[in-house]
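One structure below.
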Amino acid sequence: MPPYYRYFLTIQFAIDKINKDPTILPNISLGYHMYDSCSDNRKAVKSVLQILSGPGQTVPNYSCRKRANLAGFIGDQDSVTTVNIAQILALYRYTQISYGATSYVLSNKNNYPSFFRTVQSNKAIYLNLSSLLQIFGWTWVGVLSSDDDSGDVETQLLIQYLAIKGICIAYMIKIRYVVLSAVDEILKNNIEIIRRSSAQVIILCGAFSSFMADSLAKLRDELHDKTLIFGPIYASKTFLVEHYRKVLEGSLALEFFALPVPDMKHFYDSFHPEDRLLGHIWLLYLHCTTNEPRNTIYMGIYKCPLLRNCSGTERISDFTSFQNPGLTDRVYEAVYSLARALHNMYLSPVKKSQDKTTLAHTYPHQLNYWVKNLKSLKGDLLFEENGELVTTFDIANWRSLKNGSLLVRRVGSTFIANGSQQNFSIRVKNIVWKTGINKIPKSQCSENCLPGTRKVPRPGIHSCCYDCAQCSEGEVSNVSDSENCQQCRYDEWPNEKKDRCVPKLLSFLSYSNDLLGMVFALFSSILCAMTGLILLVFISHQDTSIVKANNRNLSFTLLISIMLSFLCVYLFLGCPNDISCLLRQVSFGILFTISISCVLAKTIIVCVAFKVTKPGSLWQHWLGTKLSNAIVISCSSIQVIICIIWLSVSPPFKELDTSSYQDKIIVQCNEGSAIGFYSVLGYMGFLAAVSFVLAFTVRSLPDSFNEAKYITFSMLVFCSVWIAMIPAYLSTRGKYMVAVEIFAILSSSAGVLGCIFLPKCYIILWRPERNTKTYLMERRGLQ
């Protein structure tokens with residue numbers, strides 16, 4: 001096979017170059033024994049024993065070698081044979097440098113102390129492959145593996161890394177050598193497995209062989225739309241699959257980064273058919289003869305047609321499969337590493353003090369030390385502690401060209417050292433997929449759960465198969481395939497799609513942006529203006545009989561307190577703050593207490609005025625402004641004291657209510673002390689009740705202006721409003737609770753204003769003839 005022959009030529013080229021270089025191993029010539037293991041364990045072990053024993057019969061622990069020293073071993077390429085070779089060489093401590101064995105068991109330096117390799121183990125390879133799958137979102141994959149020790153070890157390692165990345169294996173098919181009669185049945189089962197699965201990505205692992213390539217060919221109809229993923233060992237075997245390009249087209253391969261190797265084209269071209277191995281390649285691939293007497297035998301063995309004479313211009317480098325470098329650079333690096341270690345050992349002071357006999361026995365032990373301490377051009381150790389040469393991996397995209405050749409295009413790279421991944425980069429736009437469109441294939445058991453949803457596992461063993469469920473109230477998920485939804489902060493709430501948290505709306509009764517608040521502000525202003533007009537009317541007609549008869553000072557005080565009560569509504573509108581929370585209830589309570597105190601004073605004055613009319617009454621000295629002023633001041637002072645105590649013990653403050661509603665924050669005033677708040681309301685209710693009872697008692701007393709009746713109606717309205725307000729206030733939240741209180745303030749104040757002052761304004765403005773002392777006395781005389 002031309003690529004294997006290339007490795008053979010590479011070793012020859014490297015040794016020839018070393019022997020001609022005066023700066024490395026001067027006066028010492030390197031030779032070699034070349035054996036082909038043919039990927040067979042028995043042949044590999046026999047070849048190693050043959051090299052150790054020398055010519056003749058192989059005898060362990062005995063060597064017939066008379067000349068030259070055995071320095072070390074280069075190879076093997078396959079892990080299956082390399083492990084057996086390394087077990088034998090570990091006993092003798094001979095240095096072994098492999099250029100293709102990737103089995104991670106060889107990294108155990110206790111079992112293989114003298115083993116090195118110019119490649120990395122399967123651990124690094126499959127960690128890279130699993131990361132590659134994760135990048136493209138492929139969580140549901142199939143696996144095709146060889147049914148041997150190598151396949152078993154690699155699939156176990158693959159399963160481990162895929163599980164770490166959250167990737168599930170849909171199926172695992174092991175390709176094995178079977179008798180001809182069972183091939184069709186096994187093939188039929190494999191076809192059915194692949195056909196039924198939704199996995200669009202298949203990983204190739206285990207040992208590669210011509211039988212594996214034939215199996216891929218037989219499955220080509222099922223693999224025509226699948227993307228194949230494989231590692232460096234598969235990628236180096238392009239000569240085995242060059243006839244199956246349709247299956248591998250659009251595949252992604254992980255390849256070892258190409259190490260610098262001098263141009264060997266002239267060395268390749270210098271070989272002619274006189275070389276027997278090359279002559280066999282000419283027979284097999286070009287069907288030309290080298291004039292050997294056994295050409296007829298070869299014709300029968302290789303089933304070739306009549307052979308023609310080779311022209312002599314044939315070149316091994318003309319083969320397409322030969323042009324693929326494969327592991328050529330790793331072979332070259334292995335030879336040069338061994339030569340450099342020998343060179344360093346010969347130059348060491350310890351070696352110079354030893355004679356030839358001693359050197360022959362200590363060769364293996366000394367060379368291990370020098371290989372282990374080889375340094376790269378950067379000054380770092382060439383081989384890591386586990387004996388591996390760590391380099392960058394290339395990510396290659398395999399494409400078929402129109403002329404039938406296979407193009408391998410590098411689309412990315414990655415670097416892994418000490419089990420950690422670094423600098424993973426890939427140019428997705430440069431990848432040509434099997435579908436022919438620039439769209440990443442999907443390979444999932446379930447569709448992606450969009451942001452705003454979470455994954456709900458389905459019953460079964462695969463975590464990659466799931467359903468999607470909406471996030472619960474108050475939770476979001478901002479990434480696809482989220483395992484859990486995240487709770488929003490206390491001041492945030494999910495948006496409509498539930499893919500992000502947005503600030504909750506602040507809920508309060510605004511006088512600028514809220515219709516209800518604007519209505520209240522408008523009515524408050526109108527009622528306040530009306531109260532002011534009524535006050536102006538009373539001031540301008542303060543010397544008239546009706547104003548004097550109804551105690552004008554109390555009327556002025558009552559009108560001012562009602563007007564301020566209308567204005568205090570603005571303290572309840574807008575976004576609350578600590579100052580407005582302190583003022584709103586206190587100002588409302590004190591102003592309303594003054595109003596009710598004035599009404600109570602009016603009621604008491606009516607009662608006293610009736611008592612005074614009786615001869616010899618003791619109430620005469622109570623009649624006057626002193627009584628009314630005393631009532632208003634004393635009743636109001638008690639409310640002021642209650643408010644002072646309330647503010648001193650536990651004053652109201654601004655509060656954010658985040659629990660009443662899920663999608664908004666209520667900005668409200670916490671009353672601080674509930675006892676203080678209800679004490680203020682209770683005291684106002686007590687005064688109103690007393691005033692109502694007294695007014696109701698004297699409602700039928702003879703009075704020209706029916707002041708007692710008006711007070712009775714006003715207190716009836718006041719008490720009715722506040723009794724109805726209490727359950728409504730306690731059953732609402734947020735701005736509607738504030739709206740209830742504002743409505744109670746406006747309606748009760750308007751009731752007092754309307755019942756007491758509107759009839760008087762009607763007489764003052766439209767019935768002036770009734771606003772005279774004569775009319776008053778006539779009415780009283782009639783009564």
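The values are calculated or read from the model by the stated rules, or taken from the named source; none is laboratory data. If you're wondering where the values come from, they're calculated on a predicted model, not measured in any experiment. Cβ coordinates were reconstructed from backbone atoms using ideal geometry, including for glycine residues, and neighbour counts include every protein chain displayed. These accessible areas exclude ligands, DNA and RNA; they are computed on the full protein's heavy atoms, side chains included. Shrake-Rupley method; radii C 1.70, N 1.55, O 1.52, S 1.80 Å.
3J(HN,Hα) along region 262-269: x, 5, 10, 4, 5, 5, 5, 5 Hz, from the Karplus curve 6.51 cos²θ - 1.76 cosθ + 1.60 with θ = phi - 60°, whole Hz, x for Gly and Pro. Reported to the nearest whole Å, the Cα centre-to-centre distance from region 456-492 to region 540-561 is 72.
Under a Cβ-only charge scheme (Lys and Arg +1, Asp and Glu -1), can you give me the dipole magnitude of region 25-151 about the Cα centre, in debye to the nearest 20?
640 debye
For the chain, what % of the accessible area comes from carbon and sulfur atoms, probe 1.4 Å?
Numbers: 22750 of 39180 Å².
Whole-percent figure for carbon plus sulfur exposure: 58.
Here the gap between SER720 and ARG315, fully extended at 0.36 nm per residue and compared with their Cα-Cα distance, gives a gain of 134.4 nm.
Were the residues from ILE641 through LEU758 laid out at 0.36 nm apart, the gain over their Cα-Cα distance would be 38.8 nm.
Close amide-amide hydrogen proximity is noted between ILE74 and ILE97, each under 5 Å apart and 5 or more residues distant or on a separate chain (H modeled in the peptide plane; Pro and chain starts excluded). Here the gap between ARG220 and LEU187, fully extended at 0.36 nm per residue and compared with their Cα-Cα distance, gives a gain of 10.7 nm. Estimated from helical segments only, the mean residue ellipticity of the chain at 222 nm is -15500 deg cm²/dmol, where each DSSP H run of four or more residues counts as -39500 (n - 2.57).
Note: relative contact order over the chain, using C-alpha pairs below 8 Å and six or more positions apart, is 9 percent. In the complete set of protein chains, residue-level accessible area for HIS33 is approximately 110 Å², probe 1.4 angstrom. For VAL411, the amide hydrogen comes within under 5 Å of the amide hydrogens of ILE395, ALA396, ASN397, counting only partners 5 or more places away or on other chains and with H modelled in the peptide plane. Put ILE594, ILE461, ILE562 in order of accessible area, highest first, and with a 1.4 Å probe you get ILE461, ILE594, ILE562. Distance between the C-alpha centres of region 114-137 and region 22-84: 29 Å, rounded to the whole angstrom. By the combined test of axial Cα extent (at least 30 Å) and Kyte-Doolittle hydropathy (mean at least 1.0), the qualifying DSSP H helices of the chain come to 515-540, 578-612, 625-649, 674-697, 707-730, 735-766. For a straight C-alpha distance cut-off of 16 angstrom, the aspartates and glutamates reachable from LYS109 (same-chain residues fewer than eight places away being disregarded) are GLU384, GLU385, GLU388. Dipole of the chain (Lys/Arg Cβ +1, Asp/Glu Cβ -1, origin at the Cα centre): which of LEU527, PHE743, SER197 lies farthest to the positive side? Towards the positive end, the residue furthest out is LEU527. Note on region 496-605: dipole from Cβ charges, positive end direction compared against LEU505, ASN577, ILE605; the farthest Cα belongs to LEU505. Dipole magnitude for the chain: computed about the Cα centre from +1 point charges on Lys and Arg Cβ and -1 point charges on Asp and Glu Cβ, it is near 1100 debye. Reachable aspartates and glutamates from LYS218, Cα under 16 Å, same-chain residues fewer than 8 places away excluded? Of all the aspartates and glutamates, those that pass the test against LYS218 - Cα under 16 Å, at least 8 places apart if same chain - are ASP184, GLU185, GLU192, GLU242, GLU249. Karplus-based coupling profile of region 21-36, in residue order and whole Hz: 8, x, 8, 10, 6, x, 6, 10, 9, 8, x, 7, 10, 10, 10, 9, with θ = phi - 60° in 6.51 cos²θ - 1.76 cosθ + 1.60 and x standing for Gly or Pro.
LYS165 contributes an accessible area of around 60 Å² to the protein surface, as traced by a 1.4 Å probe with all chains present. Can you classify region 1-67 as rounded, prolate or oblate using the Cα gyration tensor, where a ≥ b ≥ c are the square roots of its eigenvalues, rounded means a/c under 1.5, and otherwise it's prolate if a/b beats b/c and oblate if not? Oblate shape, in that a/c is at least 1.5 and b/c is the bigger or equal ratio. For region 11-76, applying the loop criterion from DSSP together with a ceiling of 12 other beta carbons within 10 Å to the trypsin sites (Lys or Arg not before Pro) yields LYS66, ARG67. Under a 5 Å amide H cut-off, with hydrogens placed 1.01 Å from N, LEU506 pairs with ILE665 among residues at least 5 apart or on other chains.
Distance between the 7 Å Cα→Cβ label points at GLN12 and SER29: 1.7 nm.
Here LYS46 and HIS365 are evaluated by their C-beta separation; at R0 = 30 Å the FRET efficiency comes out at 0.75. Take every Cα pair under 8 Å whose residues are at least 6 apart in sequence, average their separation, divide by the length of region 1-77, and the relative contact order is 14 percent. Each Lys and Arg Cβ is given +1 and each Asp and Glu Cβ -1; about its Cα centre, region 110-254 then shows a dipole of about 320 debye. Summing charges over all other residues whose Cβ lies under 10 Å from the Cβ of CYS669, with Lys and Arg as +1 and Asp and Glu as -1, gives -1.
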